Amino acid sequence: MWLILALLSALFAAATSILAKIGIDGVNSNLATAIRTVVVLVMAWGMVFLTNTQNGILEISRKSWLFLILSGLATGASWLCYYKALQLGDASKVVPIDKLSVVLTLVMAFVFLHEKFTVKSFFGCVLIGVGTLLLAA
């Protein structure tokens, strides 16, 4: 199931980039990000209430609150930078560079989460990095 969801995530992320590039034309990138964020906010809380999981908010630990808030700040910073880059550059160049997050995530997972970094992971990172440079050049 995780694979299907991950593939759907990739599909929606691709659609997001194309829809955003079209929608951001003539719109301030910060305003566009704010509009997108409101839509995501309404959709996420809608799912919480639809699945009746809103009571779980009282069970969240302080540590989880801290890291969820930090994650939200990182997401916000990422979206603001992404929308500005998308407004200034071609989607076909911005998106591959944005996807360097895959390489950075693998490295950070190894350093901070002590996840295994295998030979396969190493070569995958190299290939993604080289592919990104080829696409962005």
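None of the figures in this text is laboratory data; all of them are computed from the coordinates on show. Treat the numbers as computed from the prediction; the structure is a model and nothing was measured. Methodologically, a virtual Cβ is constructed for each residue, glycine included, from the backbone with ideal geometry; neighbour enumeration extends over all protein chains shown.
Tabulated data
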item: Meets criteria (surrounded by fewer than 14 Cβ atoms within 10 Å (Cβ to Cβ) and hydroxyl-bearing (Ser, Thr, Tyr)) for Thr105; result: yes
item: Scope segment 46-64; condition surrounded by 10 or more Cβ atoms within 10 Å (Cβ to Cβ) and either of a type in the set (S, T, N, Q) or within 19 Å of Leu113 (Cβ to Cβ) (or both); matching residues; result: Thr53, Gln54, Ser64
item: Condition broken by Gln87, with the remaining ones in (1) touching a residue at least 60 places away in the same chain (Cβ under 8 Å); (2) loosely packed, with under 14 Cβ neighbours inside 10 Å satisfied; result: (2)
